Amino acid sequence: MKIFVSAAEISSDIQAEKIVRSIQNLLQTQGKTVQIAGIGGPRLRSIPGFHAIEKAEELRVMGFVEVLSKLSFIKKTMNRALAFISTQNPDLILTFDYPDFHLKLMKEVKRQGLALPSLKICAIPPKVWVWRSYRVEKIRKCYDGVLVVFPFEKEFYQSKNIPVIFEGNPLIAELFSDASGKSAPVEALLRQLNPNELAMTVMPGSRAAELKYHLPIIPGALELFSKKVGKRICALVPIPAGVEDGLIRSKLKNSDLVRYEFQPDGAIACLRNSNLGLIKSGTSTLEAALLGCVPVIFYKTSKITEWMMRYLVRYSGPVGLPNILLRVKKRSDAIYGEFLGYEATEEALAEELAKSFSDSALLQIKRDSGVMLKNALVPQQNVTEQIAKKILTWVDEKNSFGEAKPSSIFISAVSFLWSCLNGFRRKIYRLGLMHAYRVPVPSVLFGNLQAGGTGKTPLLIEFAQYAIAKGKRVAVVTRGYHGKNKDACTIVGSNESSINAEKYGDEAAEIKQMLSSVTLGIGPDRVGSVKTLLNAEPKPDLILFDDGYQNLKFRANCTVLCLTDLTPSQIPYRDFLNELAHADIVLRSKSALDSDLEWVSDDLPTMPVSLLCAVGDPEEVIRYYSKLGVLIKRKNIMKDHSEFKLARVKELMNEAFQAGLMLVVTPKDYSK
């Protein structure tokens, strides 16, 4: 198996190393060879056999201005990565963090048609819930799914119908492992402190730009803090692996008020042995909070970058991970103080440090908040193995699914216009200008946003069978698509075991075939069907609607929306994705990677078959039965709801027989 992985940040280099090493171990235990290459830091490069096409340390820049200085090198690195992907055609592409670089890289991979069969995962995706939310669509187009490390991220990407892996955070799991944070030098140092010394952790960052803006303000802030609390400060400064410490040591020099103790790669030990920290915004702030070290969060950039963030982006929420995870809405209400840009002055940082240190009750509240986060976030110890297993499962499922359905500008335009029209109609109802009929008995609507192919009718049938088994009198209301019946409302009683598909439509015929005891209301007048059913005897206990989410003249008690992973550029959408928020239940009924809903088939043909299929998503039928071991030798695909002519069916049966095949159809097609 060939793997391409790219991780530029220190924290993502650690995450990537853990996950990729677990994938390597799993594959090797299966007797498979593994080739791993890409862009990595010291941790990734420590994996046996890893081929580095570039060192991650060279890419670590932050901010609009800082990126410009390395633009030529970044472009050169991207071209090398593209050339490698083109020639090696990896089975798995994993990119970690560093979104501006990786999104451009993957956009080029897609544009050039590279590594088409490969599984592409965006690990540690960008903070699109903070700003630049349009990148969600870029992720959807360039990747097959995302790997996230926080539970709220899982909820966010699921709401956007993007396949997601969440098993926990490997770094957080490591924080509380038995071996984590044990450092004899740090513990020996702390034992030597005199009563007039206060130990704290100082983490200025790892990027050159971060050190450029952060190192100058740290000495002044710590000296002011020392004066405010009347103690000499012992600043524990961990030096991350891969970071040259010469600049840090040259700027942080001992004085009468502050002495610095540098700890190579000793972040966890320093945080674990400190009650207070001055820490630049990033993953380290969360690690500090979880380990009981109360962070004062700061971040400075160039004036141009700061101006763009403040006046163009205009984000007023928190940036510190612990505050985000504690659901803080405004930065002014942050549990852990945040000082960004011009706010991060020596006086402001010293004042916040002194306030936390001097007020023991306040300090304890902040430490308790960290404990609350720890209880919510710390995963099982084998989290990296679980992530690796999920990724390999996705690789297998991607291979069995085949090529993705191509995107189309025309379909995108149809989706947009159709969704705009329905959005306008919904606005009229939500403003109270028109009113929907509320179904007066228990009722469930099975609908979708896409134009067919989501599996809502089979789901309705399964649900109805369950309700009937529980003794419910069930009625089903359906439109009767492509049926020749012109009546606005036709009632088919429970005494009829089947109906004509040509007259009433194949979906209505399939429902009646599978649910002979239900009463059907067929026709475009769904309100009329409901009222007629309620006036009949016996009155139904439960009414189910097959489709009708876009029919605003009525509302069921409960709405279930079925959704596949096809995008509005691959299949026409009748509503924008934000309509998912108005459903009671959303089911991802079909997905190339992580199907939340699957049906079990008891009787499968053991001989090769010829498939006759006229449903909304024939590719899914082929994928599903092929995955179950059915050998489909011939495919006779027709447009959804197509009529079957008896002569043509006999002809196909004869052709299949002569070829030693069995002619098979779906339940929906069988009703015809």
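The values are calculated or read from the model by the stated rules, or taken from the named source; none is laboratory data. Just so it is clear, the structure is predicted and the values come from calculations on it, not from any experiment. Here Cβ is always computed from backbone atoms with ideal geometry, including for glycine, and neighbour counts include all displayed protein chains. Heads up: the accessible areas ignore ligands, DNA and RNA and are worked out on the full protein's heavy atoms, side chains in. Shrake-Rupley method; radii C 1.70, N 1.55, O 1.52, S 1.80 Å.
Here the Karplus curve 6.51 cos²θ - 1.76 cosθ + 1.60, taken at θ = phi - 60°, turns the phi angles of region 90-96 into couplings of x, 7, 9, 10, 10, 10, 10 Hz, with x standing for Gly and Pro.
In percent, what relative contact order does region 1-160 have, based on Cα pairs under 8 Å that are 6 or more apart in sequence? Mind dumping the intermediate values first?
Values: 219 pairs, mean separation 36.0, N = 160.
The normalised contact order for region 1-160 reaches 23 percent.
Length gained on full extension, ASN500 to SER133: 127.2 nm, using 0.36 nm per residue less the C-alpha separation. Temperature 4 °C, viscosity 1.567 mPa s: under these conditions the Stokes-Einstein estimate for region 465-505, based on its Kirkwood radius over C-alpha pairs, is 110 µm² per second.
Which of rounded, prolate, oblate describes region 441-548, given a ≥ b ≥ c as roots of the alpha-carbon gyration tensor eigenvalues and a/c under 1.5 marking rounded, otherwise prolate only if a/b is larger than b/c? It is rounded, given that a/c, with a ≥ b ≥ c, falls under 1.5. Between ASN254 and GLU343, residue separation times 0.36 nm minus the direct Cα-Cα distance comes to 29.5 nm.
Computing FRET efficiency as 1/(1 + (r/R0)^6) for ASN654 and GLU462, where r is the C-beta to C-beta distance and R0 is 30 Å, gives about 0.30. Measuring nothing but how far apart in sequence close Cα pairs (under 8 Å, 6+ apart) lie, relative to its length, the chain scores a relative contact order of 11 percent.
So how many Å³ per residue does the convex hull of the Cα atoms of region 530-672 work out to? If you can, show how the numbers build up before the last one.
Values: hull volume 24.8 nm³, N = 143.
Enclosed volume per residue, from the Cα hull, is 174 Å³.
Note on region 133-234: Lys pairs 8 or more places apart or on different chains, Cα atoms under 26 Å apart, count 5.
Note on region 79-185: dipole from Cβ charges, positive end direction compared against PHE156, ILE172, LEU105; the farthest Cα belongs to LEU105. Farthest toward the positive end of the dipole of the chain, out of GLN513, LEU27, ILE14, is the Cα of GLN513, where the dipole comes from beta carbon charges about the Cα centre.
Residues within the reach of a label modelled at ILE585 (point 7 angstrom out along Cα to beta-carbon, backbone nitrogen below 12 Å), restricted to region 467-483, are 467. Net charge dipole, the chain: roughly 1280 debye, given to the nearest 20, about the Cα centre with Cβ charges of +1 for Lys and Arg and -1 for Asp and Glu.
For the chain, the carbon plus sulfur part of the accessible surface works out to 54%, probe radius 1.4 Å.
Per-residue ellipticity at 222 nm from helix content only, as computed over the chain with -39500 (n - 2.57) for each DSSP H run of at least four residues, stands at -12000 deg cm²/dmol.
If you plug the beta carbon distance of ILE365 and GLU187 into 1/(1 + (r/R0)^6) with R0 = 30 Å, you get a FRET efficiency near 0.65.
Accessible area ranking (1.4 Å probe, heavy atoms, ligands and nucleic acids excluded), largest first, for TRP418, TRP129, TRP394: TRP418, TRP129, TRP394. Relative to the longest principal axis of the Cα atoms of the chain, the long axis of helix 646-658 makes an angle of roughly 70 degrees.
Return the FRET efficiency for the residue pair ILE304, LYS107: r is the Cβ-Cβ distance, R0 is 30 Å, and the value is rounded to the nearest 0.05.
Working: r = 25 Å, r/R0 = 0.85.
That pair, ILE304 with LYS107, gives E of 0.75.
3J(HN,Hα) couplings calculated from phi for region 19-34 with the Karplus curve 6.51 cos²θ - 1.76 cosθ + 1.60 (θ = phi - 60°) are, in sequence order, 6, 5, 5, 5, 4, 4, 5, 4, 5, 5, 5, 8, x, 9, 7, 10 Hz; Gly and Pro show x.
The modelled label-to-label distance between TYR481 and ASN79, using points 7 Å beyond Cα along the C-beta direction, is 5.0 nm.
Fully extending the segment from LEU646 to ILE409, taken as 0.36 nm per residue of separation minus the present Cα-Cα distance, adds 81.5 nm. Note on surface exposure: ASP546, ASP333, ASP100 rank ASP333, ASP100, ASP546 by accessible area, highest first, 1.4 Å probe. Note on LYS627 and ASN578: the model spin-label points, each 7 Å out from Cα along the C-beta direction, lie 3.3 nm apart. Applying the Karplus relation 6.51 cos²θ - 1.76 cosθ + 1.60 with θ = phi - 60° to region 609-620 yields 3J(HN,Hα) values of 10, 10, 9, 10, 9, 9, 10, x, 9, x, 4, 5 Hz, where x marks Gly and Pro. Label reach from SER516 (point 7 Å along Cα→C-beta): in region 638-672, amide nitrogens under 18 Å belong to 667-668, 670-672.
Excluding ligands, DNA and RNA, the accessible surface per residue across the chain is 46 Å² with a 1.4 Å probe. Measuring from a point 7 Å past the Cα of ASP541 along Cα-to-C-beta, which residues in region 443-466 have an amide N at less than 20 Å? Taking a point 7 Å out along Cα→Cβ of ASP541, the residues of region 443-466 whose backbone N falls under 20 Å are 443-446, 460-466. Relative to the Cα centre, the charge distribution of region 482-594, modelled as +1 at Lys and Arg Cβ and -1 at Asp and Glu Cβ, gives a dipole magnitude of about 280 debye.
If the viscosity is 1.002 mPa s and the temperature 20 °C, what translational diffusion coefficient in µm²/s does Stokes-Einstein give for the chain when Rh comes from Kirkwood over Cα pairs? Can you show the working numbers first?
Numbers: Rh = 28.7 Å.
My calculation gives 75 µm²/s for D.
Each principal axis of the Cα cloud of region 460-616 was taken in turn, and the coordinate range along them, longest first, works out to 46, 44, 34 Å.
Here each label is just a point 7 Å from Cα along the line to Cβ, and for PHE262 and ASN25 those points are 3.4 nm apart.
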